[in-house]
């Protein structure tokens, strides 16, 4: 049984999967309550499915880019489970998790996360000759810079897209395909599927060296001189 955990942004999602099927999934807007909500929610999934942490055979976690607090909580929880149960761990880019539901369209997919300071974190993905791949690396750039890179019809996804949809349409016109915010969620079910593909290929991460991808580290205030 796999546990998939993603709290990279204020949208949190958890799932338990076994034999290629989702046993239970929970996706909700946690805002800044990752610390107090993650573990009780995961425990609730175990109760719903009549399972226990000891039934896990691997843990899949969203590595970001994302917020410092959100990623600190989810990656720490995932590492704790993997270490205590001596099971494999796999980290997946959270932008890829957002983009993956649209892989079958064959179109370019651009997942977007709010990076603050008038910037976004984004990447480009596409299925090329049946192979799902990233065709442009993660970037933290302005919306204007991102739009300048778009040359073909592109699906924009991610929980930040509704806030920037008018600007995308203004700058890109019909090249900007905006998906419905009611269905466009970064779900742990997709995280589980991406992680399962890596597990089946024998590709796992080192629990000691695996690190989250923060959008920005929190500001550190220098101590005042006495």
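What follows is calculated from the coordinates using simple rules that are stated; it is not laboratory data. All values derive from a computational prediction rather than experimental measurement. Virtual Cβ from ideal backbone geometry, glycine too; neighbours counted across all protein chains shown.
Couple of notes before you dig in:
- Cα-projected label distance for residue 174 with residue 32, points at 7 Å along beta-carbon direction, nm: 4.4 nm
- Each helix, a run of at least 4 DSSP H residues, gives -39500 (n - 2.57); summed and divided by the residues of the chain, these come to -9500 deg cm²/dmol at 222 nm.
- Prolate/oblate/rounded label for the range 151-215 (Cα gyration tensor, a/c 1.5): prolate
- In degrees, nearest ten, helix 161-172 long axis to first principal axis of the chain (Cα): 30 degrees
- C-alpha long axis of helix 68-85 to longest principal axis of the chain, angle in °: 30 degrees
- Centre separation in Å (Cα based) which lies between the range 160-205 and the range 18-85: 20 Å
- Helix 34-49 axis, angle to the chain major axis (alpha carbon atoms, nearest 10°): 60 degrees
- Note on the range 95-178: Cα convex hull, mean projected area over all directions, 4.8 nm².
- Per residue, the average separation of C-alpha pairs within less than 8 Å and at least 6 apart gives the chain a relative contact order of 23 percent.
- Per the Debye calculation on the range 115-226 with a single equal scatterer at every Cα and no solvent contribution, log₁₀ I(q)/I(0) for q = 0.16, 0.17 Å⁻¹ amounts to -0.97, -1.06.
- As an equivalent ellipsoid, the range 71-131 spans semi-axes of 28, 19, 6 angstrom, where each value is the square root of five times an eigenvalue of the C-alpha gyration tensor, largest first.
- The alpha carbons of the chain stretch over 63, 51, 30 Å along the principal axes, in descending order.
- Residue order, fewest to most beta carbons within 10 Å, for 129, 197: 129, 197
- Of the residues 169, 47, the one with the fewest other Cβ atoms within 10 Å heads the list, and the complete ranking is 47, 169.
- Convex hull volume of the C-alpha atoms in the range 1-84, normalised per residue: 80 Å³.
- For the range 83-104, the residues whose amide N sits under 20 Å from a probe point set 7 Å from the Cα of residue 43 along the beta carbon direction are 83-85.
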